[in-house]
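The values are calculated or read from the model by the stated rules, or taken from the named source; none is laboratory data. Quick caveat: nothing in here was measured; it's all calculated off a predicted structure. Cβ placement follows ideal geometry from the backbone for every residue including glycine, while neighbour counts extend to all protein chains displayed. For accessibility, only protein heavy atoms count, side chains too; no ligands or nucleic acids. Shrake-Rupley method; radii C 1.70, N 1.55, O 1.52, S 1.80 Å.
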Amino acid sequence: SAVIVLLSCVATYMLGLDPESDGRKTIAHRSAESVLPKRLEAEFGYTGSSSCRECHVEEHESWRHSYHSKMTRLATPESVMAPFDGVTLEHAGSTYHLEQRGDEFWVELDDPDFQRQVIRSKGKPGRPTGDVPRVHRQIVMTTGSHHKQTYWLAGLRGRLERFRWNYRLDDQRWIPMEYDFLVPQSRQSPNSHLFSYWNNGCIQCHTVAGKSRQSNGVFNSRAAEL
């Protein structure tokens with residue numbers, strides 16, 4: 001029976017299904033559309049900042065050129081401020097290869113889903129074994145425009161997962177995330193980057209009317225505007 005459990009876990013992983021669903025197998029979407037927060041206009045009547053421009057042109061222009069308006073944006077060649085194409089980063093035994101594919105930004109890295117499974121299944125039957133697979137993840141959103149930028153990867157189950165590196169705009173260099181945030185020692189963990197989601201933290205302050213909307217571990221986030 002242990003062999004069956006192990007084979008089931010491996011098959012689930014290889015098919016792109018999420019073993020964290022406790023029996024509810026969910027297809028592992030990686031597209032930007034599957035993880036970015038849906039707009040709230042139709043549901044709650046929000047109109048967005050563009051409608052303000054019609055009557056308040058000067059004020060809108062002043063705001064549009066501010067850091068605040070650029071705090072959270074979709075990842076595009078205009079919004080991504082870090083060098084990407086052909087960049088390789090190394091930290092704590094892991095290597096990250098960055099590349100730009102047309103207007104998209106991608107990272108090749110150790111599979112965080114596999115690593116998460118290993119950590120969460122410790123001591124349980126069917127724990128994944130062997131070398132950590134390498135995967136490509138798309139960066140779909142950015143946070144920050146003044147001192148630094150943080151980047152968010154499209155993950156499983158509607159999650160926006162933080163890329164382990166920040167880009168310091170003042171120094172023009174990449175810095176591991178844990179060197180760029182002040183975190184109490186009691187909360188420090190070598191695996192904290194595997195469990196940092198935009199959906200249940202950043203959405204509260206860096207969107208208009210952000211709603212996390214999580215059900216059975218699946219995020220279906222909403223926001224009136226980034």
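See the values below:
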{"quantity": "Within the stretch 50-68, tally of residues that are at pLDDT below 85 and in contact with a helix residue (DSSP H, G or I) (Cβ under 7 Å, 6 or more places away or on another chain)", "calculated": "0"}
{"quantity": "Residue in the stretch 123-144 that is touching an Asp or Glu at 6+ places or on another chain (Cβ under 6 Å) and either hydroxyl-bearing (Ser, Thr, Tyr) or in a loop (DSSP other than H, G, I, E, B) (or both) present", "calculated": "yes"}
{"quantity": "Selection count, the stretch 71-87, where residues are outside any loop (DSSP other than H, G, I, E, B) and open to solvent by 70 Å² or more (accessible area, probe 1.4 Å)", "calculated": "1"}
{"quantity": "Qualifying residue in the stretch 181-196 (condition: within 19 Å of GLN138 (Cα to Cα), modelled with pLDDT of 80 or more and under 16 Å from the mean Cα position of the chain (by Cα))", "calculated": "yes"}
{"quantity": "Selection count where residues are closer than 18 Å to ARG137 by Cβ and among the acidic types (Asp, Glu), scope the stretch 58-112", "calculated": "8"}
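One line per residue, one yes/no per condition, for (1) open to solvent by 30 Å² or more (accessible area, probe 1.4 Å); (2) part of a helix (DSSP H, G or I); (3) within 27 Å of GLU161 (Cα to Cα):
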{"residue": "THR47", "(1), (2), (3)": "yes, no, no"}
{"residue": "SER69", "(1), (2), (3)": "no, yes, yes"}
{"residue": "GLU90", "(1), (2), (3)": "yes, no, yes"}
{"residue": "HIS97", "(1), (2), (3)": "yes, no, yes"}
{"residue": "VAL107", "(1), (2), (3)": "no, no, yes"}
